[in-house]
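**Q** Okay, handing you the structure first.
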Amino acid sequence: MASQAPWPCAAISEAELGPRTTIKVGGSVEWLLEPAHPDEFVTAWRACLERDLAPLVLGGGANLLIADGRRSGVVITTERMSRVFRPNRNEGRDWTANGDPSAPVSQRSDDDSAPELVAWAGASMPGLVRAARELGWSGLEGLVGVPGHVGGGVAMNAGGRWGEMWDVVQSVRVLTPEGELEDRPRDACSPSYRNGNLGGAVVLGAVLRLEPANRLEIKERMRQYLSEKSAAQPVTERSSGCIFKNPDPEQSDGRSAGKLIDDCGGKGLSVGDAVVSPKHGNFIVNTGRARATDVLELIERVRRLVEDESGVALQTEVRMW
Ligand code: EPU
């Protein structure tokens, strides 16, 4: 049921959240707000605060496990805030620059020399990576195959072996939990492994700095990374990405979480339709109608197995609501 009232942006009551995650698991929420612009997001956030509600923020749902059943309160989705564009020199980094929202990202601004993109939080990671490739700008190709939205990618410093999000972030626009807008330059931030370290602030968008390069070479690197990734990970199946963070190499003899789980015989373990991927030990895939309780129980089983067999206490990377 779509409705404008009583919220200052589009809103859906009793919205199903499971289909909005990549693992397709989870229940519903009383209100789902859908701001279409960062400013509208701020207004929606403040409207929640005025009602003493603490909203949760849903991006691409790529690294998220949502509980079964109905949640009361509010979730704000960045789904409609999906723009990526070149900042216009005359308007500075005006986040509403380049007037026409449907203008192609490859449209040249008046300053051809600056390889910069503004990406709103709801822009898809694959779309952003493609846009940079089409412009012949290097720096994002290592993120090929990373699902989700830019907001989550910046907040958790998404990435892997070939690169991570903060390699290219020049500044980030965030909203503090108290509802204050802040533009934080890169130097004021200290991102680390799988963590943007933004202290609970919500990412509304980022300015990204790339490097002009040969487009064919970028394409070729992406092709190669993607084929290596598809060979090692269940990329076409429904999952939340890696479940556990890689442990400190000193504690695990340099073994990744996936390798540890594999060595301990965890691949193929299942609870209901939730299965530890036979392809990569650090993925749990939803092979049918898995529920959140199935996934959670399987995570606990895997954690115990690895701790008993190897002494390493794995920590989850996936966020849980
Ligand atoms: N391995 C096994 N068995 C397995 C899984 C892995 O033997 O079941 C071995 C691999 O053969 C390889 C080593 O373990 O020698 C490391 O595996 P992989 O290259 O797949 O990398 P990873 O450390 O498991 C990390 C990121 C991934 C990212 C890849 C590729 C983490 C927790 N994971 O995985 O990110 O896609 O590198 O760059 O940092 C995610 O964050 O959700 C994610 C999937």
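**Q** Which value in deg cm²/dmol, rounded to the nearest 500, describes the helix-derived mean residue ellipticity at 222 nm for the chain, given -39,500 (n - 2.57) per DSSP H run of n ≥ 4 and division by the residue count?
**A** Rounded to the nearest 500, it is -7000 deg cm²/dmol.
**Q** While we're on this one: Might you tell me the accessible area per residue for the range 210-250, computed with a 1.4 Å probe and given in Å²?
**A** 63 Å²
**Q** Okay, next question. With only alpha-carbon atoms counted, please give the Rg and Dmax of the range 174-321, in Å.
**A** That works out to 18.6, 50 Å for Rg and Dmax.
**Q** Let me ask you something else. From Cα pairs below 8 angstrom and at least 6 apart in sequence, can you work out the relative contact order of the range 236-320, rounded to a whole percent?
**A** On the way: 146 pairs, mean separation 30.3, N = 85.
Here the relative contact order equals 36 percent.
**Q** Could you check which residue among Gly27, Gly265, Gly153 shows the biggest mean-square fluctuation in a GNM of the chain with a 10 Å Cα cutoff?
**A** The residue that fluctuates most here is Gly265.
**Q** Could you pull the Cα extents of the range 236-320 along its three principal axes, largest to smallest, in whole Å?
**A** 38, 23, 23
**Q** PRE reach from Glu250 (point 7 Å along Cα→Cβ): which of the range 167-211 fall under 19 Å by backbone N?
**A** Only 193 pass the distance filter.
**Q** Moving on to the next point. How large is the charge dipole for the range 236-320, taken about the Cα centre, if only the Cβ atoms of Lys, Arg (+1) and Asp, Glu (-1) carry charge, to the nearest 20 debye? Write out the running numbers ahead of the final one.
**A** Working: 12 positive and 14 negative charges, 80 e Å.
Result for the range 236-320 is approximately 380 debye, rounded to the nearest 20.
**Q** Carbon and sulfur together cover what percent of the accessible area of the chain at a 1.4 Å probe radius?
**A** Carbon and sulfur together cover 46 percent of it.
**Q** Could you tell me how many cubic angstrom of Cα convex hull volume the chain has per residue?
**A** 138 Å³
**Q** Find the lysine pairs in the range 219-296 meeting two conditions, Cα atoms under 23 Å apart and a separation of 8 or more places or different chains, and report how many there are.
**A** 11
**Q** Roughly how many Å² is the accessible area per residue of the range 2-77, as a whole number, for a 1.4 Å probe?
**A** 39 Å²
**Q** Then there's this: Which whole-number percent is the relative contact order of the range 168-296 (Cα, under 8 Å, 6+ apart)?
**A** Relative contact order here is 18 percent.
**Q** Something else: Counting pairs of alpha carbon atoms under 8 Å apart in space and at least six apart in sequence, what relative contact order in percent does the chain give?
**A** 16 percent
**Q** Which GluC sites (Glu not before Pro) does the range 215-304 hold that lie in a coil by DSSP with at most 16 other beta carbons within 10 Å?
**A** When the GluC sites (Glu not before Pro) of the range 215-304 are filtered for loop state and at most 16 Cβ neighbours within 10 Å, Glu237, Glu250 remain.
**Q** Continuing with this model, one more query. Starting at the first residue of the range 306-312, write each ³J(HN,Hα) from the Karplus equation 6.51 cos²θ - 1.76 cosθ + 1.60 with θ = phi - 60°, in whole Hz, x for Gly and Pro.
**A** Result, rounded to whole Hz: 5, 5, 5, 7, 10, x, 8.
**Q** Okay, next question. Treat the range 2-77 as a sphere of radius equal to its Kirkwood radius over Cα pairs and apply Stokes-Einstein at 37 °C in a medium of 0.692 mPa s; give the translational diffusion coefficient in µm²/s, rounded to a whole number.
**A** Working: Rh = 12.4 Å.
It comes out at roughly 264 µm²/s.
**Q** Calculate the dipole size of the chain relative to its Cα centre from +1 charges on Lys and Arg beta carbons and -1 charges on Asp and Glu beta carbons; express the result in debye to the nearest 20.
**A** On the way: 37 positive and 44 negative charges, 146 e Å.
It comes to approximately 700 debye.
**Q** Pop the C-beta distance of Tyr193 and Ala114 into the FRET formula with R0 = 30 Å and round what comes out to the nearest 0.05.
**A** 0.50
The values are calculated or read from the model by the stated rules, or taken from the named source; none is laboratory data. Being a predicted model, the structure only gives us computed values, none of them experimental. When we count neighbours, we look across all protein chains shown, and the Cβ atoms used for this are built from the backbone with ideal geometry, even at glycine. The accessibility values were calculated without ligands, DNA or RNA, using every heavy atom of the protein model including side chains. Shrake-Rupley method; radii C 1.70, N 1.55, O 1.52, S 1.80 Å.
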